[in-house]
Each structure stands twice: as C-alpha cells, then as structure tokens.
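Where a number appears in this text, it was derived from the coordinates with a stated rule and is not lab data. On a predicted model such as this, the values are computed, not experimentally measured, just so you know. Methodologically, a virtual Cβ is constructed for each residue, glycine included, from the backbone with ideal geometry; neighbour enumeration extends over all protein chains shown.
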Amino acid sequence: MSDVNKWTPELASADRDTVWHPYAPMPSTVEPFPVVGADGVRIRLADGRELIDGMASWWSAIHGYRHPVLDQAARDQMDSMAHVMFGGLTHAPAVRLAERLTALAPAGLAHVFFADSGSVSVEVAIKMCLQYQRSQGHAARTRLMTVRGGYHGDTFGAMAVTDPAGSMHQLWADVLPRHVFADRPPATLTEEYAAHLADLAARHADTLAAIIVEPVVQGAGGMHFYDPEVLKVLRAICDEHGLLLVFDEIATGFGRTGELFAADHAGLAPDIMTVGKAMTGGYLTMAAVLCTTGVAHGISSGEAPVLMHGPTFMANPLACAVAYASTGLLLDGTWRAQVAGIEKLLTAHLEPARELPGVADVRVLGAIGVIEMEQPTDMRTATKAAMDEGVWIRPFGKLLYVMPPYVTPEEDVERIAAALVAAARASGAGSAA
Ligand SMILES: *Cc1c(COP(=O)(O)O)cnc(C)c1O
C-alpha cells in the first residue's frame, strides 16, 4: 500500500501552523485527529485506533469508504479524462448523470444544472428564482420566504436564507439581504401554523420570488424534523401567489430520511430542488440544481435569456462518473431496507437516553438519530466519550447526532447508538456539575 497518508510529527506541526479547519480559528484551539485511511464504515487514525463513522462524513458517505464500485468508476473515468471544461463541451458522464437524477427526482424536475458544492447550488437556485420572476415581468420580486431553523450553506446568498438567530451566520445579519422568515415548522401541522404561513406570504407576495426550505428535516439549523403536511401548505401558497417552491435536499436527498427524497414524504414536487452531499457517495464535491420546464423556459424566454452561472469545474467528469455509480447503487432499492433497519435500531437504542439528566429530546427519522441536550455540550467531552466507545461523532451546540452510512452493519449501528448515549451521559454529567 502506498504511504501517501502516512502521518508524521512534521505534518502535525504544519497542520497547526498552516491549515485552517472548518468553523475554527487560525491557529486552531482544538487539534484534529489525523486520519490515515478509511474502509467500509471505519476511519483509521494515525495512532492505530479504528472508529466507526457515525457521521458518514457529514451525510455524504452513504455507501461507506472504498466501495469497490465507486473506486472502479473513479479509476475507469481517470483512464479517459479527469476533467474538461463544460462551456461549449459536453461528455457522457454528465449526460448520464443528469438523466439519472431527473429519473430519480420527484416528477417534473426535468433539467439539471451542475454545481461544485451545496452552497453554490443554493446560490444558483436563488438566482434562478429571481431571474424567473424578472422574466415574468416581476422585477420587484427579489426576496425569499423561508422558515426559522433552516440551514442552506455558508456563502452569502445561502447564509441570507439560513436562520440568523443562533446560527453560525448571526455575525452577518447586517450585511445580508433581508428575507422573510416564518416560524419553525411544527412536528405536527396545526391550523394556526398554516394560517401563519399563508398570512406572511400574502403580506409580502409582491416582493417575494420564492419559498425555500429543507423539506421535513432541518439539518445544521437544529436537526429538527417536521410534518410533511407543511410542504403541502407551502405548495398551495406558492401556487396561489405565483411563487416558486425550492426544496434544499442537499442533506435529505438520496434516501437519508427513509424516502428517496424528503419531498416524497408529502408526495409532491418543488419547482426547483438542490442536491449534493451524498450524490457522489462522499467521494468528490459535487451538487446539482434540478428545475421544471416551466422554470427553465421562463428564464430562457426572458430579457436575459441565459442563466449567468458557470463554475470552472462544472460537471467535472470524474465527479459525474462517481455520482452516476453512487446513484446507481441506489437503484435496486436495498438502501430502503438498510435505512429502515438503522431507523429501527437507533429508535430502540437511543430511547433510553430520554431518562438521562440534561437530555431534552430524543428523535429518529430514517438513518438520522438525535439526542438534544438542554445545554450546549462541550464538544471535546462528548467526542471523547464517543471515541472511547470506538465511534466518531461531531456534536454541535446542544445536539448530539448521527447519520451513519446506509451499509453500517447492525452491530456497528448498535455501537454508534451506545456511543451517542455515552456522549449524552458525559455531557449531562458535565452540565450538572
Ligand atoms: C450542507 C448543506 C448545504 C451546503 O452544502 P456545502 O456542500 O457544504 O456547500 C446546503 N444546504 C443544506 C441543507 C445542507 O445540509
């Protein structure tokens, strides 16, 4: 085996001095754990420890690491071309993937714009909404409506539709466009909440272009699950006022919630949908925006008949080839039983945590398990408690949560659940002290 990942004290020191890590200061105050390999559902650290990955590398590695089919797809593609520009050129991997995505997606999403990350796909989706409204003669419709508790990415357009209160983006409230925020959607739809949404949309309809939400599961904004019926209310409101409905399925897409897309829980389709994270099975960065023919033709018949967007690495062939293979692994439907199995085990093994001191809530949906604490956890304490159980987690704020690879064997799901409970116990003990 090649030693490209061999870890040395020199690298550790260069990591400290040179490399900026996510959501961290520079220099960092918490040392990251060096990884030298990953295989199946296990991450191997430089010190020899092996950790079961409870995070699927932030929702993405749904088939586990070094999957033979994905490895082979990457190798085969590399043997012909790793990349060519997409302006004026096209290639089979992009076309095949686009057709695959439109076939899997909720009905009507017929066109695909490739982007290089989730945040960029949200930027593109927002641009599509504004440009669509402009092309319909509604140039004043430049704002979006969304709900509290949402997260849509770290770029400025995406930050502006992310809940500013309590989010990582609070700092930027003054420099971001002011969008319209409804209350966080409830676990069970009430008439009051439906009326609240309808009222807010009606009041702002002349300046609204679209409504954007993460359907059913709000991820980084609080790991909150809500009633799919809310989506039906949003669909009706959009239709009534001529707004576009955008679903950000970057976290929920490709089976994570127990349906292929979270929209499928409500049996309806948005006008625009963003996907990313699990699309390449966690191999390469890639996202996509899907839209209806109505949206595409609306834009293309407007005063500026092109969508002015084109990332340098748009439709990167290597990423397309791996994404095609990764989505191909979903076609036989095995994922459905895997996700249902994880849901059942997480439900059974996390439920007892409800009785622990400091635990506010326990919830599970599909292959997502959450223990919400009453107080913010100490990341180091919680991470260490899980690592002592041989599991990798990455808590934030009050949330201890997991979304393991779909291929995680039963006994490893049980260990992941045990580790999450151990992290809750350590965190609860900490808060009581
Ligand atoms: C992760 C995420 C994004 C941002 O994707 P990146 O690839 O990190 O830019 C946007 N929306 C949702 C719902 C996400 O979970």
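Across bins of 10 angstrom width beginning at 0, how are the C-alpha pair distances of region 374-433 distributed, in whole percent? Percent of Cα pairs in each bin: 26, 53, 18, 2. Residue exposure proxy: Asp53, Asp154, Asp264, Asp332, ordered by other Cβ atoms within 10 angstrom of their Cβ from fewest to most, comes out as Asp332, Asp154, Asp264, Asp53.
Among Trp7, Trp20, Trp392, which comes first, second and so on when ranked by fewest other beta-carbon atoms within 10 Å? Numbers along the way, then the final one.
Numbers: Trp7 15, Trp20 9, Trp392 25.
Placing the least packed residue first, the sequence is Trp20, Trp7, Trp392.
Taking label positions 7 Å along the Cα-Cβ direction at both Asp183 and Thr312, the computed distance is 4.7 nm, reported to one decimal. If R0 equals 35 Å, the separation of the Cβ atoms of Leu171 and Ala103 corresponds to a calculated FRET efficiency of about 0.25.
Each Lys or Arg adds one and each Asp or Glu takes one away; over the other residues whose Cβ falls under 14 Å from the Cβ of Ala423, this sums to +2. Taking 0.36 nm per residue of separation and subtracting the current Cα-Cα distance, fully stretching the chain between Ala348 and Ala205 would add 47.0 nm.
How big is the charge dipole of region 350-433 about its Cα centre, in debye rounded to the nearest 20, if each Lys and Arg gets +1 on its Cβ and each Asp and Glu gets -1 on its Cβ? Using only the charged Cβ atoms, the result is roughly 320 debye. Per-residue ellipticity at 222 nm, computed for the chain from helices alone with -39500 (n - 2.57) per DSSP H run of at least four residues, works out to -11500 deg cm²/dmol.
Which whole-number value in Å³ per residue fits the convex hull of the alpha carbons of the chain?
Values: hull volume 65.9 nm³, N = 433.
Hull volume over Cα atoms, normalised by residue count, gives 152 Å³.
In this structure, Glu303 and Val95 have a Cβ-Cβ separation that, at R0 = 30 Å, corresponds to a calculated FRET efficiency of about 0.55.
Using 0.36 nm per residue and subtracting the Cα-Cα separation, the extra length available between Asp17 and Gln375 on full extension is 125.6 nm. Near Asn5, once Lys and Arg are set to +1 and Asp and Glu to -1 for all other residues with Cβ below 14 Å from its Cβ, the sum equals -1.
The gain in end-to-end length when the Asp39 to Thr334 segment is fully stretched comes to 104.2 nm, 0.36 nm per residue minus the alpha carbon separation. Amide H contacts of Val407: Gly64, each under 5 Å away and 5 or more positions distant or on a separate chain (H built 1.01 Å from N in the peptide plane; Pro and chain starts excluded). Under 14 Å of direct C-alpha separation, and excluding same-chain neighbours fewer than eight residues apart, Lys398 reaches these aspartates and glutamates: Asp361, Glu372, Glu374, Asp378. Computed from backbone phi, the HN-Hα couplings of region 74-82 come to 5, 4, 4, 5, 4, 5, 10, 6, 7 Hz, rounded to whole numbers (Karplus: 6.51 cos²θ - 1.76 cosθ + 1.60, θ = phi - 60°; Gly and Pro given as x).
Going by C-beta contacts inside 10 Å, put Glu229, Glu411 in order with the fewest on the left.
Working: Glu229 17, Glu411 10.
Going from least to most buried by this count: Glu411, Glu229.
Charge tally around Gly276: other residues with Cβ under 14 Å, Lys/Arg +1 each, Asp/Glu -1 each, net -4.
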